[in-house]
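Here the structure comes first, spelled out in structure tokens, and everything after it is commentary.
The values are calculated or read from the model by the stated rules, or taken from the named source; none is laboratory data. Quick caveat: nothing in here was measured; it's all calculated off a predicted structure. Here the Cβ positions follow ideal geometry from the backbone for every residue, glycine too, while neighbour counts run over all protein chains shown.
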Amino acid sequence: MIENLRLGHGVIIDSVNPLHLSRKMFLTITDELIVDLVQFELILNDRRLHWQRVENRQSDIPNLNVPSWQKVIDREYEPWDEMIDGHRTAIEMSDFPAALEKCQAVIEKKNRSS
């Protein structure tokens, strides 16, 4: 990731960042390299739909076990605080096509202003 950023390439990182500490890592890297950072927090308020997606998820990576619903709800989570974690766009994931459009619009707007 860091080498690609140094080369001027855009990087997309798809990861769970439930803690201020993990979010801080990305802020620190982008500040040090003086590159733009666009952060999204994906939210699924429909608990039943969230449960269904977790329980029906299949890994496309050999030998990678996806977490169970119990592991997901037991995971430690610190609510997003823009003073600590930086700006983010919250995306409601119950309507995937609309969520994708919103993500694309945010990225396109950022690219136009850069």
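Residues that are among the β-branched types (Val, Ile, Thr) and within 23 Å of Thr28 (Cβ to Cβ) were ranked within the range 69-96; the one that is surrounded by the most Cβ atoms within 10 Å (Cβ to Cβ) is Thr89.
Glu108 meets the stated requirement of being closer than 24 Å to Met1 by Cβ, within 18 Å of the chain's Cα centre (by Cα) and modelled with pLDDT under 95. Within the range 58-74, residues that are under 21 Å from Arg47 (Cα atoms) and modelled with pLDDT of 90 or more reach partners that are part of a loop (DSSP other than H, G, I, E, B) and among the small types (Gly, Ala, Ser) with beta carbons closer than 6 Å, at six or more positions or on different chains, in the pairs Val66/Ser59. Tell me yes or no: at least one residue of the range 97-104 is exposed (fewer than 11 other Cβ atoms within 10 Å of the Cβ) and either polar (S, T, N, Q) or modelled with pLDDT under 95 (or both). Checking the range 97-104: at least one residue is exposed (fewer than 11 other Cβ atoms within 10 Å of the Cβ) and either polar (S, T, N, Q) or modelled with pLDDT under 95 (or both).
If the Cβ limit is 6 Å and pairs must be 6+ apart or interchain, which residue in the range 6-32 that is free of Cβ contacts under 8 Å to residues at least 60 places away in the same chain pairs with which residue that is among the aliphatic types (A, V, I, L, M)? Partner pairs satisfying both residue conditions: Val11/Met1; Val11/Leu5; Thr30/Leu37.
Those helices (runs of 4 or more DSSP H) of the range 1-68 that lie entirely within it include none in which at least 3 residues are loosely packed, with under 11 Cβ neighbours inside 10 Å and touching a Lys or Arg at 6+ places or on another chain (Cβ under 7 Å).
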